Every structure is written in C-alpha cells, then in structure tokens.
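Asks: Below are the structure tokens for one structure; questions will follow.
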Amino acid sequence: MERYWFNVHALPVLLTGVMMLVSGIFVLLKRPGASVNRSFFLICLSVTAWLIPTGLGYLSRHPDEAQFWFKWDNFGVVFISVTVFHFVSSFLRLERRVAVCVGYLAALLFGLAVMLTDWLVIGVHK
C-alpha cells in the first residue's frame, strides 16, 4: 500500500462508482435482451470508468501514477454523452443507429487521444 494513501475525498467517488456498476448489472440482468437495459448498462459502465479511476487518482501517492488514473477517468468521461444519447434513443424507440455508431467512434477517438497523448491530461497537482 505504499503506492496509495488514505484520502477521505476518494471514498464517496469510489463508492458511487461501485454502486453505478452494481446498478447497471442489476438492470442488465433483469432483461439482458432489451436494448434499453443494455444501453442503460453502458451509461453505468462509462460512469464507473470515470469514477473508479478518479478515486484511485485521489489515492495515488506519486504524480505519474495519479496522471495515469486521471487519463483513464477522462477515457470514461468521453463515453458518457454518447451512452446517454444511445439510452434516450433506445428508450424513445428512435432509429438512430448511424448517429449512435458515429458517437461511439468519436468517443473512441477522443479516448485514444486522451490515453496516448498529453493533449488533454498534461499533469496533476496535489
């Protein structure tokens, strides 16, 4: 545990991330074949991919490790808007397959830019 230290600010973030994942799995398991349930699970998954790395970044002792986690949290963030759009389209039974696919592709490209470059996450401060 020498790589991490206790930080009270990380606890609600980590707890919320875990609860989002549990909520998404619960809804998905109720009706796994339903498009609405799958798209809701993807919202929960993207929020979890944002919150868990944020909490781990708060717990990190070393700036390089914290920056690694904050890059992962930004990777999760870029998927939130497209997963919400996907969910709303599914919920309203709108045929927006092309727009949803383009949204996921754009999110993936931004996510790769976050992970592979220093364009968006350039450092961390205590």
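The values are calculated or read from the model by the stated rules, or taken from the named source; none is laboratory data. The shown structure was predicted, so the numbers you read here are calculated from the model rather than taken from an experiment. In this analysis, Cβ positions are derived from the backbone assuming ideal geometry, glycine residues included, and neighbour counts consider all displayed protein chains. Accessible surface areas use protein heavy atoms only, side chains included; no ligands, DNA or RNA. Shrake-Rupley method; radii C 1.70, N 1.55, O 1.52, S 1.80 Å.
Asks: Give the distance, in whole Å, between the Cα centre of the range 1-48 and the Cα centre of the range 83-124.
Replies: 18 Å
Asks: When the accessible area of the range 1-98 is computed with all protein chains present and a 1.4 Å probe, what percentage of it is carbon and sulfur?
Replies: 71 percent
Asks: Would you work out the charge dipole size for the range 1-110 about its Cα centre, treating the Cβ of every Lys and Arg as +1 and the Cβ of every Asp and Glu as -1, and quote it to the nearest 20 debye?
Replies: 500 debye
Asks: Could you work out the helix-only [θ] at 222 nm for the chain, with each DSSP H run of four or more residues adding -39,500 (n - 2.57) and the total divided by the number of residues, to the nearest 500 deg cm²/dmol?
Replies: Computed mean residue ellipticity for the chain: -25000 deg cm²/dmol.
Asks: Leaving out ligands and nucleic acids, note down the accessible area per residue over the chain with a 1.4 angstrom probe, in whole Å².
Replies: Normalised by residue count, the accessible surface of the chain is 66 Å².
Asks: Take V98, V114, V27 and sort them by solvent-accessible surface of the protein heavy atoms, 1.4 Å probe, largest at the top.
Replies: Greatest to least solvent exposure: V98, V27, V114.
Asks: At a temperature of 25 °C and a viscosity of 0.890 mPa s, determine how fast the chain diffuses translationally according to Stokes-Einstein, using the Kirkwood radius over alpha-carbon pairs as Rh; express D in µm²/s, rounded to the nearest whole number.
Replies: 158 µm²/s
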